[in-house]
Amino acid sequence: MKIIAREIPPRTVWALEQAGVHPLLARLFAARGVRAKEELDDGLARLLTPDTLRGTHDAAVLLADAIAQDKRLCIVADYDCDGATACAVGVRGLRLLGAKNVAYLVPDRVVDGYGLTPPIAERVAASGADMLITVDNGIASVDGVAAAKARGLQVLVTDHHLPGPELPTADVLVNPNQPGCEFESKSIAGVGVMFYVLLALRSELRKRGVFDTASQPKLDALLPLVALGTVADVVKLDANNRRLVAQGLRRIRAGFMPAGVAALFKAAGRTASAATTFDFGFALGPRINAAGRLADMTLGIECLLTDDAGRADELARMLDGINRERRDIEGGMRDQALLLAESLFSADDTVEGIAAPPPAISVFDAGFHEGVVGIVASRIKDRFHRPTFVFAASGAPGKEQELKGSGRSIPGFHLRDALDLVAKRHPGVLLRFGGHAMAAGCTVAREHFETFEKGFAQVAREWLAEAALTRQIETDGPISREYMRIDLVDTLHKEVWGQGFAPPTFSEEVEVVSQRLVGEKHLALKLRHQGQPIDAIWFSHTDPLPPKVKLAFRLDADEWQGVRRLRFLVEGAEF
């Protein structure tokens, strides 16, 4: 592991400080590309307007006509947190804007697979719907959209994923990544796309005189859901996404949120009045995602839709229970996957004479659960810093001989492009595949797993230089003693951090005074930092540290018996 410091442009730091930004925040923001204080303005007026998001005007006209004609609308969602929040935003928003008949359907991960498939289109048609609306999926559903159109359904696709070579023949496509779209925030989440469609629809209804500016429904009530889905989907937090998240956090901290969101904070043991992006990504998001992984995402969506606090608490407790089960399954799978990964180590791949992981890792076990393969792939990738695929046998009827894999990648290795090359070199091995640079999925026949494993590793061997196979932690360098204060920890936590706008991580050489294991899997440390004592914790790490070591760490507040104390959360060490 190598710890490196971000470049911090001093002139930008000075300019931000002169504009009134706190000196520590000025340094952090400048290192993340912020050039002027205006970029930090998270007001709603600073949001990108819907008119540059291709398809929103046509979607607004389509939906306004449907509402006027009292058509039956059905939203087809995805089974992750982005899909669940996008569905809830769609149902709530359309009802706010006058739609009287809005239903939804979410595919089953095991039985139906991902996206709008022809069987899902048939189920929507059979339900009596007049219009099918996709959220967080649909841009690659060429056959599914065709099937829906053949049954006489109007189809509106709202998505944010990368399109394939052929676009579906929907009545309207709204996707910032479709050809010809000039919307600047290409990384907006699926829930954000649906929110923008609703903004355009409200504008269209104003033009039609349904209401005026004073009487129009307030869509800002949906922003807590937009913020949750945006962070949980780990999309890049560009300026527009940060504004959406900041607005959602502001409302949650003030106590304005759907009953289900409040119940999820309670079930996770988190405090809504001090909500952070960490809560979205590591507390609420996983509980909603667990329903799609092990049970039925309908539970998650219903939790986000209900206005009954008692019902919300009941559903949140159910989701919390499912998430505990998910963690148990994941723990067993992770341990087995680690053993399988370590069995791939070879004398042909060495670092300083020690057997190292191959350039890419693919593992399969008959006992793996397909709903958790993505999480386990992420854990293996983090442990060994290698592109990783984890496979499980398909649970779909009649497809028992198929393996469904989920992959996670490292910087410099485009996962979907790698799958495309494997497919071209080994025709017939990949039955289906898709995804992005850092995450992808694929299906292979069980008999072809070894061919895939070798082919995938060969692509990684060709594409990845030795430097790329060494994990790097990018940090903000040393932190001055004057900033080692609890109030500044709270100041940092209130800001919007996440993918593409990394949370503050500092690095310095420290003296290790003492160390011990806590709960058999966490390393508790007493350090000396700049001559002063400080406690630290390194979660999920058990190897001892030398007396002096360079650490990468985040600032945190540890509370014990009502007293809050500063501590370091260790992210990595360079020996």
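The values are calculated or read from the model by the stated rules, or taken from the named source; none is laboratory data. No experiment lies behind these values; they were computed from the predicted model shown. In this analysis, Cβ positions are derived from the backbone assuming ideal geometry, glycine residues included, and neighbour counts consider all displayed protein chains.
Just a few scattered comments:
- Hey, residue 521 over 30 Å from residue 238 (Cβ atoms), surrounded by fewer than 18 Cβ atoms within 10 Å (Cβ to Cβ) and under 27 Å from the mean Cα position of the chain (by Cα) or not: yes
- For segment 49-70, the tally of residues that are surrounded by fewer than 20 Cβ atoms within 10 Å (Cβ to Cβ), in a loop (DSSP other than H, G, I, E, B) and in contact with a helix residue (DSSP H, G or I) (Cβ under 8 Å, 6 or more places away or on another chain) stands at 0.
- Subset of segment 14-48 [farther than 20 Å from residue 493 by Cα and either within 30 Å of the chain's Cα centre (by Cα) or in a loop (DSSP other than H, G, I, E, B) (or both)]: 19, 35, 36, 38, 44, 45, 46, 47, 48
- Residue check, residue 182 over 18 Å from residue 83 (Cα atoms), out of contact with any Lys or Arg (no Cβ under 9 Å at 6 or more places or on another chain) and either among the acidic types (Asp, Glu) or in a helix (DSSP H, G or I) (or both): no
- Here 315, 299, 237 are screened, and the one residue that is in contact (Cβ under 8 Å) with a residue 24 or more places away in the chain and in a helix (DSSP H, G or I) is 315.
- The residue that is nearest to residue 218 (Cα to Cα), counting only those in segment 255-301 that are polar (S, T, N, Q) and in contact with a Lys or Arg (Cβ under 9 Å, 6 or more places away or on another chain), is 273.
- Condition met for residue 455 (assigned to a loop (DSSP other than H, G, I, E, B) and not charged (D, E, K, R)): no
- Residue in segment 498-515 that is hydroxyl-bearing (Ser, Thr, Tyr), part of a loop (DSSP other than H, G, I, E, B) and surrounded by 13 or more Cβ atoms within 10 Å (Cβ to Cβ) present: yes
- Restricting segment 295-321 to residues that are closer than 21 Å to residue 76 by Cβ and charged (D, E, K, R) leaves a set whose member that is modelled with the highest pLDDT is 302.
- Exclusive hit being in contact with a helix residue (DSSP H, G or I) (Cβ under 9 Å, 6 or more places away or on another chain) and not in a loop (DSSP other than H, G, I, E, B), set 167, 162, 198: 198
- Applying the set (1) small (Gly, Ala, Ser); (2) farther than 21 Å from residue 4 by Cβ; (3) under 30 Å from the mean Cα position of the chain (by Cα) to residue 562 leaves exactly one unmet item: (3).
- The set of residues from segment 400-444 being outside any strand (DSSP E or B), in contact with a Lys or Arg (Cβ under 8 Å, 6 or more places away or on another chain) and surrounded by fewer than 19 Cβ atoms within 10 Å (Cβ to Cβ) comprises 401, 436, 437.
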